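So the structure is just underneath, and the comments pick up after that.
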Amino acid sequence: MNNAETSAQSNPSTSGDRYLDKYDVVVIGSGLAGMTAANVLGRGGHKVLLLERHYKLGGLATWFRREKGEHIFDVSLHGFPVGMIKSCKRYWNKEIADRIVQLPNIKFDNPQFSLTTTFNREDFTRLLIERFGLPEDTVKAFFDEARNQTHYDDQSKTTRELFEQFFPGRPDVARLLMEPITYANGSTLEDPALTYGIVFSNFMSKGVFTFQGGTDLFVKMLRDELVKNGVDIALNAPVEKIIVENGRVTGVRIADSAMDVYSPEIGGAPKNVSPLAGRTVRTSAVLSNANLKGTIFNLVGREFFDPDFVAEAEAVRLNNSSVQVYIALKKGETLDEEKCGDLLFTSVAPEFRADWLLSRHITSRTYSFYYPKTRPGTDRYYVVASSNANYEDWANLTDEAYEESKRDLIETTLDALDKYVPGIREKVAYVEAATPKTFRAYTDHWLGASFGTKYEGLAVSRALGNKIPGLYHAGSVGIIMSGWLGAVNYGVIAANDVDEYLMRVNS
Ligand SMILES: Cc1cc2nc3c(=O)[nH]c(=O)nc-3n(C[C@H](O)[C@H](O)[C@H](O)COP(=O)(O)OP(=O)(O)OC[C@H]3O[C@@H](n4cnc5c(N)ncnc54)[C@H](O)[C@@H]3O)c2cc1C
């Protein structure tokens with residue numbers, strides 16, 4: 001972020017005076033679920049305060065600049081389903097929705113197959129029949145079964161069993177169907193088939209989409225809409241406690257110092273401290289967009305919940321984390337769009353296995369290629385290589401070993417990328433890596449989870465309002481509710497719950 005951007009983002013107000021002492025609802029966290037909930041509630045006429053611990057809005061929907069703003073990297077703008085257009089139009093505005101465009105060239109390259117697809121039902125049907133030799137009836141029945149999965153279905157069936165039912169003895173088919181979804185939301189063959197079915201069908205409806213203009217423009221447009229709808233925003237404002245009195249939520253306490261994360265983006269400038277630092281804000285309701293477990297155990301405290309609920313919340317498993325390598329090409333260097341595509345799923349593993357996908361010894365990488373069309377008006381090309389990763393593999397290294405591991409991640413990624421961008425080392429202007437520790441530091445997600453919690457987190461998240469009146473949660477839980485679209489939609493669902501609660505307590 002350049003300096004102008006920093007101050008625009010960091011200082012929605014310079015004094016604490018413009019903040020109220022009491023709000024209808026405080027939203028903790030400005031991820032896509034938090035921001036969407038704040039927008040829906042603000043638009044509905046409620047007094048909303050949005051508190052974010054970071055110095056910018058967006059959560060994992062983020063970007064960063066390097067080399068005095070010469071390079072810009074998107075962290076999680078790799079692709080989402082078409083449903084994002086409808087959700088943005090309905091819960092944000094038409095201008096935002098109108099910038100959502102398709103990524104038409106999705107590529108796969110692994111020892112079992114190499115192909116290009118538009119990643120929708122029509123093209124996958126063609127591929128499964130012509131390329132993988134499957135009967136048309138089986139393919140149709142599989143798509144119908146995947147699309148008809150609902151929350152009311154028997155959740156004991158796993159995705160592995162779903163594939164075995166339709167494509168027994170075909171690990172290559174399982175790979176085509178599963179690898180991108182594992183990448184998109186961290187789900188595995190052992191997760192409930194319905195979590196796979198819903199996300200897969202969302203993508204299959206029209207393919208993979210992106211936001212033209214980049215995450216920076218996207219978040220700026222969201223911010224403008226929040227301001228228009230009267231939402232008060234405070235950045236650098238980490239909530240340290242959700243206050244519960246007489247069994248219900250009554251306020252939040254904001255820490256007296258900002259998040260302690262080094263960022264070359266702000267070039268060593270003094271950290272902004274929110275004017276709300278150290279203050280308690282009263283509120284009728286809190287909607288937390290922070291990590292589900294962090295909300296329950298750190299922000300509220302286990303003593304406020306019954307033991308059965310505490311046990312249920314403790315048992316919620318977190319999703320995996322990620323590593324990424326961000327690569328900027330020198331001015332004048334280009335990427336071959338025909339060869340690279342928009343999104344390229346690569347693997348050198350002989351077959352698809354979730355544990356291999358997470359291994360520190362990386363065999364699978366997904367490349368997002370950013371052409372000038374991503375941000376019309378620029379002439380620069382970028383590559384972001386992403387892999388799933390385990391927090392534990394990175395968290396306990398010495399500083400020296402950690403830096404060495406990051407260097408190794410960069411070097412091995414450049415080696416692997418050379419197959420698709422020959423001579424990449426000569427073309428690189430700037431390269432940097434992020435690890436599970438990075439994701440943890442910037443969002444406070446336990447274990448640096450990229451996609452929140454596993455499926456059982458959804459029931460715990462939804463139950464909060466019944467445990468402590470006025471307490472709600474929205475954010476990546478349960479696979480379906482994660483990713484850009486899932487987070488936006490979950491924000492709407494939780495906002496409706498809050499709205500209903502406020503109507504009840506205020507009537
Ligand atoms: C590497 C990577 C790649 C991804 N790629 C894609 C993709 O291609 N497509 C896709 O759809 N999704 C992708 N995702 C997932 C997607 O980005 C997330 O699921 C989604 O953005 C999460 O939104 P959220 O609302 O759950 O909140 P988060 O983004 O998790 O944000 C939570 C916010 O709460 C704030 N917060 C936490 N604690 C506090 C506190 N105490 N006080 C104040 N603020 C607090 C955090 O700072 C953060 O801003 C990717 C994620 C990662 C990590």
Item checked: Ranking of HIS78, HIS54 by count of other Cβ atoms within 10 Å, fewest first -> HIS78, HIS54
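With loop defined by DSSP as not H, G, I, E or B, and exposure as at most 14 other Cβ atoms within 10 Å, which is the longest segment of the chain clear of exposed chymotrypsin sites (Phe, Trp or Tyr not before Pro)?
Segment 263-507 is the longest.
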Notebook entry, point to check: By how many nm would the segment from ILE493 to GLN165 grow when fully extended, if each residue of separation counts as 0.36 nm and the alpha-carbon distance is taken off?
Noted result: 114.7 nm
Item checked: Residue exposure sequence - SER507, SER30 - by fewest surrounding Cβ within 10 Å -> SER507, SER30
Check: Tell me, VAL25, VAL281 in order of fewest to most beta-carbon neighbours within 10 Å?
Finding: VAL281, VAL25
Next item on the list: Please identify every one of the trypsin sites (Lys or Arg not before Pro) in segment 369-430 that sits in a loop by DSSP and has no more than 12 other beta carbons within 10 Å of its own beta carbon.
Entry: LYS419
Notebook entry, point to check: TYR371: net charge of surrounding residues, Cβ under 14 Å, Lys/Arg +1, Asp/Glu -1, itself excluded?
Noted result: -3
Checklist line | Semi-axes of the equivalent ellipsoid for the chain, Cα gyration tensor, largest first, Å | finding: 36, 28, 21
Item checked: Simple spin-label estimate for GLU240 and GLU500 in nanometres, 7 Å along Cα-Cβ -> 3.6
Notebook entry, point to check: Which of LYS293/LYS467; LYS406/LYS454; LYS89/LYS241; LYS107/LYS220; LYS206/LYS427 have a Cα-Cα distance over 23 Å?
Noted result: LYS406/LYS454; LYS89/LYS241; LYS107/LYS220; LYS206/LYS427
Item checked: Rounded tilt (10° steps) of 399-417 against the dominant C-alpha axis of the chain -> 40
Check: Just in segment 109-205: which GluC sites (Glu not before Pro) are loop by DSSP and have at most 11 other Cβ atoms within 10 Å?
Finding: GLU190
Item checked: THR412-THR363 pseudo-label distance in nm [points 7 Å out on the Cα-to-Cβ vector] -> 1.2
Checklist line | Rough spin-label spacing in nm, given labels placed 7 Å along Cα→Cβ, for GLU400 and GLU351 | finding: 4.2
Check: What translational D, rounded to a whole number of µm²/s, comes out for segment 368-466 from Stokes-Einstein when the hydrodynamic radius is the Kirkwood one over Cα pairs, at 25 °C and 0.890 mPa s?
Finding: 150
Notebook entry, point to check: What is the ratio of the Cα radius of gyration of segment 120-206 to 2.2 N^0.38 Å, where N is its residue count, to two decimals?
Noted result: 0.99
Next item on the list: Grab the Cα-Cα distance for SER156 and SER257, subtract it from 0.36 nm times how many residues apart they are, and report the gain in nm with one decimal.
Entry: 31.8 nm
Check: What shape does segment 171-253 take by its C-alpha gyration tensor, where a ≥ b ≥ c are the square roots of the eigenvalues and a/c under 1.5 counts as rounded, a/b above b/c as prolate, and the rest as oblate?
Finding: oblate
Check: How far, in nm, would the chain grow between LYS373 and LYS330 when pulled straight, counting 0.36 nm per residue and subtracting the alpha carbon separation?
Finding: 13.8 nm
Check: Which whole-number percent gives the relative contact order of the chain, counting Cα pairs below 8 Å spaced six or more residues apart?
Finding: 22
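Any read-out appearing in this document is the output of simple, stated calculations on the displayed coordinates, not a laboratory observation. Please read all numbers here as calculations on a predicted model, not as lab measurements. Please note: Cβ atoms are built from the backbone with ideal geometry, for glycine as well, and neighbour counts cover all protein chains shown.
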